[in-house]
1. Somewhere in region 26-49, is a residue of a type in the set (S, T, N, Q) and in contact with a strand residue (DSSP E or B) (Cβ under 6 Å, 6 or more places away or on another chain)?
2. Might you let me know whether region 157-174 holds any residue that is within 26 Å of VAL6 (Cα to Cα) and of a type in the set (Phe, Trp, Tyr)?
3. For the subset of region 41-64 comprising residues that are acidic (Asp, Glu) and in a helix (DSSP H, G or I), which member is nearest to ASP24 (Cα to Cα)?
4. Exactly one of these conditions fails for PHE80: (1) over 25 Å from VAL28 (Cα atoms); (2) surrounded by 20 or more Cβ atoms within 10 Å (Cβ to Cβ). Give me its number.
5. Quick check, is TYR99 assigned to a strand (DSSP E or B), within 19 Å of GLN30 (Cβ to Cβ) and not aliphatic (A, V, I, L, M)?
6. Of the residues ASN38, ASN4, ASN9, which is part of a loop (DSSP other than H, G, I, E, B) and either closer than 19 Å to LYS96 by Cβ or free of Cβ contacts under 8 Å to residues at least 12 places away in the same chain (or both)?
7. Anything in region 111-138 that is surrounded by 18 or more Cβ atoms within 10 Å (Cβ to Cβ) and either at pLDDT 90 or above or among the β-branched types (Val, Ile, Thr) (or both)? List them, or say none.
8. So which of GLY67, GLY86 ends up being free of Cβ contacts under 8 Å to residues at least 40 places away in the same chain, under 23 Å from GLN30 (Cβ atoms) and either of a type in the set (A, V, I, L, M) or outside any helix (DSSP H, G or I) (or both)?
Amino acid sequence: MKKNLVAKNELGIYADADGVVRADSLVVAQMFGKLHANVVRDIRNLDCSDEFRLINFDESTYLNAQGHQQPCYNMTRDGFVFLVMGYRGKKAASFKEAYIKRFNEMEEFIKYLLEARTEFPLLTENIMLLHESPKPYYFSNEADLLNRIALGKTAKQVREEHGLKPGTSIRPYLTTKQIEAIDRLQRVDIGLLVSTPDFQERKRYLEWYFMKKLQ
């Protein structure tokens, strides 16, 4: 079984190995104050197409308190919204808002994470080791720092110059020297993340290293 990209949070929202954000039906049942068996029944009785069900409801199993395997579902955002549309009441409404907000946050996080893993694989891995629940800005701030030093601009600015879509790799548009500079800075920054947690201090050291070694 592939390891999830991001572990489940308190609402049972996580990102699977492919970067798809999902919600665990067990936690959804708990948060909405429903029996899990009834949530499973609700999912199976949804009036949706087979195609929609296949894409948005991933059936799985879990071990209950008695050690017996029971069915559960891992839902995409669309699957979750389709399911809870029928849940009524003020409590349900507040939880719907909370879930949608966290789905948005997780999807934004995954966007940054996948982009960072493409451009800065070693750095991304180290950030995830250092932080149990890393925030999107951990990756974007560090990536922007290295790009600004090596390129004099952020990846976003490079994409705007070339008319590229968000998330597109900028490496094909860089010179060999620029790519080598970014890779070298990335390796230095990996060590600094452990030894020098202060962002501004890391920035000063990386700028000094770039001037001394990479100019």
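1. Here is the first cut: in region 26-49, the ones of a type in the set (S, T, N, Q) are 30, 38, 45, 49.
This time we only want the ones that are in contact with a strand residue (DSSP E or B) (Cβ under 6 Å, 6 or more places away or on another chain), so: none.
There is no residue in region 26-49 that is of a type in the set (S, T, N, Q) and in contact with a strand residue (DSSP E or B) (Cβ under 6 Å, 6 or more places away or on another chain).
2. no
3. Applying the first criterion (acidic (Asp, Glu)) to region 41-64 yields 42, 47, 50-51, 58-59.
Those still in the list that are in a helix (DSSP H, G or I) too: 42, 50-51.
Values: ASP42: 14, ASP50: 20, GLU51: 20 Å.
Selected residue: ASP42.
4. Status for PHE80: all satisfied but (1).
5. no
6. On the way: ASN38 fails: part of a loop (DSSP other than H, G, I, E, B); ASN4 fails: either closer than 19 Å to LYS96 by Cβ or free of Cβ contacts under 8 Å to residues at least 12 places away in the same chain (or both).
After ruling out the rest, the residue left standing is ASN9.
7. Within region 111-138, THR124, ILE127 qualify.
8. Numbers: GLY86 fails: free of Cβ contacts under 8 Å to residues at least 40 places away in the same chain.
Within the list GLY67, GLY86, the selection yields GLY67.
The values are calculated or read from the model by the stated rules, or taken from the named source; none is laboratory data. Predicted model only: the values in this text are computed from it and were never measured. Virtual Cβ from ideal backbone geometry, glycine too; neighbours counted across all protein chains shown.
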